[in-house]
1. Can you name every one of the helices (runs of 4 or more DSSP H) wholly within region 20-121 that holds 2 or more residues which are in contact with a helix residue (DSSP H, G or I) (Cβ under 7 Å, 6 or more places away or on another chain), surrounded by 14 or more Cβ atoms within 10 Å (Cβ to Cβ) and of a type in the set (V, I, T)?
2. Report, by residue number, each residue of region 166-195 that is touching a residue at least 60 places away in the same chain (Cβ under 8 Å), farther than 18 Å from Y122 by Cα and in a helix (DSSP H, G or I).
3. So, in region 142-167, how many residues would count as being modelled with pLDDT of 90 or more and small (G, A, S)?
4. If you take the residues in region 168-183 that are touching a strand residue (DSSP E or B) at 6+ places or on another chain (Cβ under 6 Å) and at pLDDT below 95, which one is surrounded by the most Cβ atoms within 10 Å (Cβ to Cβ)?
5. Is one or more of the residues making up region 27-34 within 21 Å of G197 (Cα to Cα) and under 11 Å from the mean Cα position of the chain (by Cα)?
Amino acid sequence: MQNQNKKPFRIVLTGGPGGGKTTAADLIRREIGEKIVVVPEAATMLFRGGFPRCKNSLARRAAQTAIYHVQINLEEVHRALYSGRVLLCDRGTVDSAIYWPEDDGDFFEMMHSSLENELKRYDAVIFFESAAVGNISIEGGNPVRTESLEEARELDKKLQEVWSQHKNYYFIPHQQSFIKKLELAIKVIKGLIHTNGY
């Protein structure tokens, strides 16, 4: 029996809206197999489940607080259920800081944490640049996505600024071919898995 207390190897797959993260996460899991398990995106789970999504500052603050705590606990559930596997997290705890209302102070301080501590949760970061950067529509199968192309580009930029501070940061640029983007991500993840003995 595997050690349930073993620290899992966590890779966060993040980026601006319309980068193809969720689609990529599922295809990466299919390609790599049982060595990896996907931790679903907390925000999508909450919003699809009926959690209100609006621009009101108080509502955004409540939503991002909930998303942060759900993300942490989703990771812990997957750690407990899939000990010994690599956790591929569809977004991570740092993402909520970008959606936090600017007038409400520092997000990490409000969560009794810090950017440094949250970055340390993850062993590597793979950043999928949004298709909005290439002026390509980000409409798709996610009914809770509400961002315009301009908003998606701005969020992508802000997310890059924060996540790029991680020591193991891998940038997957927007390309006309999503398959090429996916192939690059799979190559990076396979390298990380091999290097770290999974």
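1. Details: elements: 21-32, 42-48, 57-81, 95-99, 107-110, 115-120.
Ranges flagged: 21-32, 57-81.
2. F178, K181, L182
3. 1
4. So in region 168-183, the residues touching a strand residue (DSSP E or B) at 6+ places or on another chain (Cβ under 6 Å) come out as 168-172, 181.
After this cut, where a residue has to be at pLDDT below 95 as well, the list is 172, 181.
Values: I172: 22, K181: 20.
Selected residue: I172.
5. Applying the first criterion (within 21 Å of G197 (Cα to Cα)) to region 27-34 yields 28-34.
Filter again for under 11 Å from the mean Cα position of the chain (by Cα), leaving none.
No, the conditions are met nowhere in region 27-34.
The values are calculated or read from the model by the stated rules, or taken from the named source; none is laboratory data. This one's a predicted model, so the numbers in the text were calculated from it and none came from an experiment. In this analysis, Cβ positions are derived from the backbone assuming ideal geometry, glycine residues included, and neighbour counts consider all displayed protein chains.
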